[in-house]
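To start, the structure itself, in structure tokens.
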Amino acid sequence: MGSFGLVVASIVLLGVLCLMTFTVNETVLTSSYSLLRKYLSVGEAVGREEIRIEGVSKPDTMILYVNVTNSGRDEIEAEEIRYMDVMVKYESNGSVVSKWLTLDQDETSSEGWAVESVALGGGEELFNPIAPDLSRGCLDPGETMTLKLWVEDEITGSGQVLVVSPRGCKAYGVIG
Amino acid sequence: MSTTVIAEGIVAISIIIASSMMAASLTSSFQLMNQKYVDVVSSYEERISVATEIIMVSGESGGNSVKVWIKNVGIKGIDEGLIGEPSLLFFGNGSGYGLIPYNSSTPPSWNYTIANDLDGDGNWDPFETLEVTITLDYNLEGGEEYKVTFYPYTGRNGDTEVLSL
């Protein structure tokens, strides 16, 4: 009976130690995995998003058209396009002007930008067409959207257009 | 014989009691260690989740104000109360580079609006851009380079840009 008691006591002791080790390991592993997953998700999303400005045209001294291509691996949802930053820096009658433009799909304000059209290789976009009010659709990889930019003052000299994707990818274009 | 059984029984009970006491003590220590670990992980999570990037700086030669646009490129929104005072903004050139106070009544000072706060909640959510206005107590000079650095409230993932005039 004495030996049996010792065996039981040893088993109890081992059981308690195993349980504690399991609890600690489980917590450490869960927390580490959660942190790693978050870290990777941030890095992956940023790494996969990429945009490029194909060209800037100036049909009028106060209007610009900018062709922005999704050159990344992920689509950019129409809802996220609302969070793109469109900025211009240009010469106007001898002074340099820098502006952050507001998205205005209705083109009612005195300055702003709007998504004019979306195309794939010169033709119509095939997948996830973007609604005119940007409520649905996607800018899929390879697709090019034409942005219309308009400003209050005349663009009399050279300048630069900066478009920033929702996750912070920058693309520059030159105003000739 | 019965004396031996009683003695062994006492030893067994003593071992069980001792192991229980040790287990209780170790469990408490492990729980404390677990909590410390979870706190450290949470702190790191916050650091990697909050990230901002300066996307453009503008200012004119002879002027005393500078505009800075900063985008939230992290995965966590920044509450309204954590945007201004808890953030750090540095500006200047050469020896004049230094901390700019937030919302000070006299220059130098900086203030902000959220340029594209589409949900109107006042928080600086992911994808949103902060439009910062720095008012200086001197005029910017042409031909100079001014450095601007912004740190969100975590004090990590700061970003620096240069304004060339």
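Some notes on this structure:
- When both the range A:74-103 and the range B:1-79 are represented by their alpha-carbon centers, they are found 41 Å apart.
- Ascending count of other beta-carbon atoms within 10 Å, so fewest first, for B:SER2, A:SER109, A:SER165: B:SER2, A:SER109, A:SER165
- Loop GluC sites (Glu not before Pro), the range B:70-165 (other Cβ atoms within 10 Å of the site Cβ: 15 or fewer; DSSP): B:GLU141, B:GLU144
- Among the listed pairs B:LYS67/B:LYS147; A:LYS89/B:LYS67; A:LYS170/B:LYS67; A:LYS99/B:LYS76; A:LYS89/B:LYS147; A:LYS148/B:LYS76, those beyond 23 Å (Cα-Cα): A:LYS99/B:LYS76; A:LYS148/B:LYS76
- Taking every Cα-Cα distance in the range B:51-164 and sorting them into 10 Å bins starting at zero, the pair-distance distribution P(r) comes out as 14, 50, 29, 7, 0 percent.
- Value of [θ]222 nm, deg cm²/dmol, for chain A, DSSP H segments ≥ 4, -39500 (n - 2.57) each, nearest 500: -10500 deg cm²/dmol
- Interchain or long-range residues, amide H under 5 Å from A:GLY159's placed H: A:ILE175
- In the range B:1-109, the chymotrypsin sites (Phe, Trp or Tyr not before Pro) that fall in loop regions by DSSP, at most 15 other Cβ within 10 Å: B:TYR97
- For the protein assembly as shown, a Kirkwood radius taken over Cα pairs fed into Stokes-Einstein (20 °C, viscosity 1.002 mPa s) yields D = 89 µm²/s.
- Each helix, a run of at least 4 DSSP H residues, gives -39500 (n - 2.57); summed and divided by the residues of chain B, these come to -11000 deg cm²/dmol at 222 nm.
Since every read-out is calculated from the coordinates, none of them should be taken as a lab result. All of these numbers come straight from a predicted model, not from anything done at the bench. For neighbour counting, all protein chains shown are included, and Cβ atoms are generated from backbone atoms with ideal geometry for every residue, glycine included.
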